[in-house]
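First comes the structure, then the notes that go with it.
No lab work stands behind these numbers, since they all come straight from the coordinates. Treat the numbers as computed from the prediction; the structure is a model and nothing was measured. Counting neighbours? That spans all protein chains shown, and the Cβs are built from the backbone with ideal geometry, glycine included.
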Amino acid sequence: MRFSSNIEKLEPSATIAVSTLAKRLAAEGHDIINLSAGEPDFDTPVFIADAAVRGIRDGQTRYTPPAGTPELRKAIAAHLTERAGRDMSWEGVVVTAGAKQSLFNAIFTLFGPGDEVLIAAPYWTTYPDLVTIARAEPVAVFGAEANDFKLSIADLEGAATERTRGLIVNTPSNPTGAVYSAAELQEIAEWCRDRDVWLLSDEIYRCIHHDGDAPAPGLLDLPEGSLGPHVLVDGASKSYAMTGWRIGFSYAELEVTRKFVALQSQITSNAATPSQVAALEAFSNRAAAAVSLAEMGAAFRRRRDLVCTTMRELLPDLPFVRPQGAFYVYFRVDGLFGDEVRDATTWCSELLRREGVALVPGAAFGDDRWVRMSIASSDQQLTDALNRIAAMVGAGSAA
Ligand SMILES: Cc1ncc(COP(=O)(O)O)c(C=O)c1O
């Protein structure tokens with residue numbers, strides 16, 4: 001069948017593909033530990049769900065303005081203002097159907113044919129595809145493994161050309177869990193400012209920060225003068241365990257925001273109205289939100305520690321990035337390759353087939369020598385999964 005060139009190179013999201021296969025095998029009765037998904041394993045906090053139910057009963061079920069209700073945009077802007085210590089206009093906020101749509105709006109609005117967009121790698125699987133959909137060229141830039149793959153200015157200088165129009169960074173990172181310090185981020189922001197390159201900062205995991213009491217540093221923690229053209233992307237999916245509600249947002253200057261709204265108004269219009277009601281509660285009921293964030297944050301930190309300790313014990317030869325944020329552990333398996341298994345994609349298929357553990361091969365993130373394991377699962381499942389991996393690679397076992 002002949003399709004348009006718009007989607008010529010389009011593949012379904014690699015991470016969703018693995019997770020779907022694992023769910024199918026589990027539904028067929030196989031004993032599967034699925035550590036491939038990119039979502040918290042917690043239910044949406046009850047205070048948020050209750051607000052949505054009340055909203056539906058009160059008739060908040062109609063269209064809203066495409067950019068979201070003014071109440072929600074103002075509640076988000078209040079958070080941003082508090083962080084930045086300067087006034088962040090609520091009209092700069094666009095509420096979207098998940099952070100993914102904010103990224104689409106930004107990439108489709110800002111980049112096009114002939115443009116190169118640098119992507120900090122390993123990257124979340126969707127970025128290069130969105131850049132390709134916009135008919136621009138994605139350019140993966142890997143930082144040093146010894147620096148948890150975080151980009152240095154030398155890395156950026158080595159990759160930039162006169163066609164470079166954008167840079168996408170994600171901190172805390174999916175898949176590595178690496179977190180840029182404010183100083184590292186500032187250097188990158190200034191590099192973008194000086195080169196007039198758009199900086200897209202995906203901070204969707206900002207509140208899931210294991211080391212330190214505050215959320216991970218982001219663009220709004222930098223001095224205003226260090227920022228050139230930029231778009232901040234965040235949302236409710238990960239912080240508030242609201243992946244299915246589909247609420248994200250972008251913050252950008254007004255001229256850009258107006259373009260995002262025009263684009264969105266022609267495609268999906270507003271994010272679902274009951275979900276906006278739920279998100280308004282998440283962003284404005286500060287006391288209840290703080291309790292949920294603390295509870296989920298403590299669980300993720302505990303699991304991070306458990307997985308890192310168990311990996312050192314059971315799989316001492318596997319290099320991994322000790323995550324400082326998000327809920328993944330990224331580890332390197334090329335030391336286990338042999339004649340039959342020459343890449344992480346095959347290694348992950350073998351693991352799923354032989355031991356029933358679903359991980360995501362690094363091909364999805366730009367390097368098929370690595371794999372990503374989600375730690376959004378119970379302590380028992382995580383320990384069992386590591387034992388099964390150790391069994392496959394012929395090592396020991398943990399209780
Ligand atoms: C780095 C990153 N950005 C954005 C998203 C998408 O978030 P949402 O579900 O709000 O669209 C994800 C989801 O996995 C992600 O990992």
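Structural remarks
- Burial ranking of peptide ranges 208-217, 380-389 (average Cβ count within 10 Å, highest at the top): 380-389, 208-217
- With the simple model of a label 7 Å out from the Cα in the direction of the Cβ, Ser89 to Lys23 spans 4.1 nm.
- Between the stretch 197-212 and the stretch 116-193, the alpha-carbon center distance in angstrom: 13
- Coil-residue trypsin sites (Lys or Arg not before Pro) of the stretch 31-113, DSSP, other Cβ within 10 Å capped at 10: Arg62, Arg86
- Note on the stretch 216-368: the C-alpha convex hull projects to 13.4 nm² when averaged across all orientations.
- Multiplying the residue separation of Thr346 and Val291 by 0.36 nm and removing their Cα-Cα distance gives an extension gain of 15.6 nm.
- Length-normalised contact order for the chain - Cα pairs under 8 Å, 6+ apart - percent: 22
- P(r), alpha carbons of the stretch 124-167 - 5 Å bins starting at zero, rounded %: 5, 20, 26, 23, 18, 7, 1
- Calculated Rg and Dmax of the stretch 133-200 using C-alpha coordinates, Å: 11.9, 33
- For the stretch 6-80, the Cβ-based charge dipole about the Cα centre amounts to some 400 debye (Lys, Arg positive; Asp, Glu negative; other atoms uncharged).
- Scaling the Cα radius of gyration of the chain by the globular reference 2.2 N^0.38 Å produces a ratio of 0.97.
- Tail fraction, Cα-Cα pairs, the stretch 105-256, threshold 24 Å, whole percent: 27
- Dipole of the chain, positive direction: furthest Cα of Gly29, Cys308, Val360, with charges on the beta-carbon: Gly29
- Structural size metrics of the stretch 267-306, computed from C-alpha coordinates, are Rg and Dmax of 14.6, 44 Å.
- With eigenvalues of the C-alpha gyration tensor scaled by 5 and rooted, the stretch 230-282, Å: 21, 14, 9
- Extending 7 Å from the Cα toward the beta-carbon at both Arg54 and Ser13 defines two label points whose distance is 3.1 nm.
- Overall, the chain carries a charge dipole of about 1020 debye about its Cα centre when +1 sits on the Cβ of Lys and Arg and -1 on the Cβ of Asp and Glu, all other atoms neutral.
- The Rg/Rh ratio of the stretch 28-167, with Rg taken over Cα atoms and Rh as the Kirkwood radius over Cα pairs, comes to 1.06.
- Beta bridges from DSSP with both residues in the chain: antiparallel share about 45 percent, rounded to the nearest 5.
- For the pair Ala214 and Arg312 in one chain, pulling the backbone fully straight at 0.36 nm per residue adds 32.5 nm over the alpha carbon distance.
- Using a Gaussian network model of the chain in which every pair of alpha carbons under 10 angstrom is joined by a spring, one finds that among Ala299, Ala146, Ala99 the greatest mean-square fluctuation is at Ala146.
- Charged side chains reduced to their Cβ positions (Lys and Arg at +1, Asp and Glu at -1) give the stretch 254-325 a dipole of some 100 debye around its Cα centre.
- Filter on Lys74/Lys100; Lys100/Lys259; Lys74/Lys238; Lys23/Lys238; Lys9/Lys238 - keep pairs with C-alpha separation over 25 Å: Lys9/Lys238
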